[in-house]
Amino acid sequence: MTHVSNLQKVMDSGKFGVTGEIGPPRGADPDHIIKLARELKGSADAYNLTDNQTAIVRLSSIGSAVILMKEGMEPVVQMTCRDRNRIALQSDLLGASAIGVRNVLCLTGDHQIFGNEKSAKGVFDLDSVSLLSTFRNMRDSKKQLSGEELEAAPQIFLGAAENPFGTPYEFRALRLQKKVNAGAQFIQTQAIFDMDWFERWMAEVRKMGIHDRVHIMGGVIPCKSLGGARYMKNKVPGMKVPDSIITRMKNAKDKGQEKEEGLRICVEMIERLKCIEGVHGVHIMAVMWEEMVPYLVKEAKLLPRPIL
Amino acid sequence: MIRAERKPVSEIARMLAGKKKVLVVGCKTCVAIGHAGGEKEVAELVSALRLVNAKEGHGWQFEQTVVERQCEKEWVRPIEEKIISADAVVSLACGLGAQTIADMYPIKQVYPGVNTMFLGVPEEQGVFVEKCLACGECVMFETGGICPVARCAKSMRNGACGGSADGKCEVNLETDCAWYMIYERLKLQGRLDLMTKVVEPKDWSKSHAGGRRKIVRKDLLIQPTDRTGTEVKK
């Protein structure tokens, strides 16, 4: 093994991990990623590069990862089952590992109907759970899905997402367990706005003992505006934004301080996450507002990031 | 049954440009029960095309008929003369019916008058929903009799995904989340252990992904015999 994931080292050593997220541009220009990388460097242990998020055609996750690594930063390559079958997914894992990517996040993927190629044929040959078990076997048993032996195993820290706010609610901790059983070593949750709900979910997770088997990173999104908060509340399936957050954003808007309040709420969320037993990190999804990540981690007293 | 929806009259009219003798053939099986291509719909389409004809002056002459099962040659053969004397055949059967005629009479131009949609059931009067994808490997024994391949927008084997909200699908908030239903069904049956099992990826080679499929039932084949009545190996 040439090197293991920095993110894994941080959380395995018991430190509170931080991941950020960079949305690749809708074009071939690398400068957008380079600019954000330089602004974000040192703020997180690794950075997610989304994989055609919401099914919008963007610069690829692995391509973005190469750009990020050139800046001396560690990527988390997101891989969805929407656009690639098992041949392409396994091939891309081998390719990612070969170029030095050490973190992969296994997702089923947003349905293509949300994106800008609505006539696309969704693949969904695998799903997030079978993707995890496939990748784990490639790494640990040096075998591809068909059972054939690989010439060399990929080196990878395997992640998955989980949404405590999706239905059926009582299945969500079990589904987390299922992902851990399939090979997930770290989990980035759906963005949390209802922290009481999340804490109840974590209590269930602890009761099942899952928190000892996986690094759970709580997902947060800083609200840029009242409109954004309302959009997430009403339009994003599987997201829960309590009225109290909407009220706070509305009051702030009246005072002309929406952005400040959005950031304040986000810092409060991170502070609370740090106190929850079994939560080993935070995943900051500053969508279209990536440049605020350094501010958020500083305010949440998560700096400096450990160098291991 | 096989569910179909009639194509817009304007689309069918465009296909028939330049033709004279038009035969519209319906089917009395699935598409009749599904109100897409039975006797009534054949008559409706011919009436609509006659209006187009009167307005645009195509000079179309119509003949209309319905067969019992358009997907079987035996039922098509009795209308052979009508097919042969037509310039164009519009089939209101599913894709199977249209292709049966097209394959039997390769010189004839056969046009689909419907879009074949899915294998589905009538959920309520006038509402048909997809429930089977004919994937070639039925998995319902472990999903409480609910097919996730057809009823989950992502055909997931380990659902529900994170987009399941209030028991509905992220793709269409009016559609029930298949995995929400599976969870509830298995809970009712005391079989929730099936939800926690990591299910291996599906063998899609048994579906259309493995190439066009064919079922050969040797026990049903008519074996050629020699003069003594002994079966001759093919």
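None of the figures in this text is laboratory data; all of them are computed from the coordinates on show. On a predicted model such as this, the values are computed, not experimentally measured, just so you know. All Cβ positions, even for glycine, are placed from backbone atoms using ideal geometry, and neighbour counts span all protein chains on display.
Do we have any residue at all in the stretch A:101-114 that's assigned to a loop (DSSP other than H, G, I, E, B), free of Cβ contacts under 8 Å to residues at least 40 places away in the same chain and within 11 Å of another protein chain (Cβ to nearest Cβ)? Looking for residues that are assigned to a loop (DSSP other than H, G, I, E, B), free of Cβ contacts under 8 Å to residues at least 40 places away in the same chain and within 11 Å of another protein chain (Cβ to nearest Cβ), one finds at least one in the stretch A:101-114, hence yes.
Considering only the stretch B:48-89, how many residues are of a type outside the set (S, T, N, Q) and either touching a Lys or Arg at 6+ places or on another chain (Cβ under 8 Å) or not in a helix (DSSP H, G or I) (or both)? Before you say what the answer is, go through the steps one by one.
If we filter the stretch B:48-89 for residues that are of a type outside the set (S, T, N, Q), which is where we start, we get B:48-52, B:54-60, B:62-63, B:66-69, B:71-84, B:86-89.
Next, only the ones that are either touching a Lys or Arg at 6+ places or on another chain (Cβ under 8 Å) or not in a helix (DSSP H, G or I) (or both) stay: B:57-60, B:62-63, B:66-69, B:71-72, B:75, B:83-84, B:86-89.
Total meeting the criteria: 19.
Only one of A:Ser141, A:Ser146 is within 11 Å of chain B (Cβ to nearest Cβ), surrounded by fewer than 16 Cβ atoms within 10 Å (Cβ to Cβ), among the small types (Gly, Ala, Ser) and more than 16 Å from the chain's Cα centre (by Cα). Can you tell me which? Sole residue among the options that is within 11 Å of chain B (Cβ to nearest Cβ), surrounded by fewer than 16 Cβ atoms within 10 Å (Cβ to Cβ), among the small types (Gly, Ala, Ser) and more than 16 Å from the chain's Cα centre (by Cα): A:Ser146.
Taking A:Val123 as the residue in question, decide whether it is touching a residue at least 40 places away in the same chain (Cβ under 8 Å), on the phi < 0 side of the Ramachandran plot and buried (at least 24 other Cβ atoms within 10 Å of the Cβ). Break it down stepwise before answering.
Working: touching a residue at least 40 places away in the same chain (Cβ under 8 Å): yes; on the phi < 0 side of the Ramachandran plot: yes; buried (at least 24 other Cβ atoms within 10 Å of the Cβ): no.
No; evaluated as a whole, the condition is false for this residue.
Candidates in the stretch B:177-202 are the residues that are in contact with a Gly (Cβ under 6 Å, 6 or more places away or on another chain) and at the interface with chain A (Cβ under 9 Å from one of its Cβ atoms); of these, the one that is surrounded by the most Cβ atoms within 10 Å (Cβ to Cβ) is B:Trp179.
The criterion of being more than 14 Å from every other protein chain (Cβ to nearest Cβ), at positive phi and not hydroxyl-bearing (Ser, Thr, Tyr) does not hold for B:Gly113. Among the helices (runs of 4 or more DSSP H) confined to the stretch A:202-308, the ones with at least 3 residues that are closer than 26 Å to A:Val76 by Cβ are located at A:226-235, A:258-274, A:293-299. Listed conditions (1) crowded, with 21+ Cβ neighbours inside 10 Å; (2) within 14 Å of another protein chain (Cβ to nearest Cβ) are all met by B:Asn172, apart from (1). Note on the stretch A:41-55: residues that are in contact with a Gly (Cβ under 6 Å, 6 or more places away or on another chain), in a strand (DSSP E or B) and touching a residue at least 40 places away in the same chain (Cβ under 8 Å) total 0.
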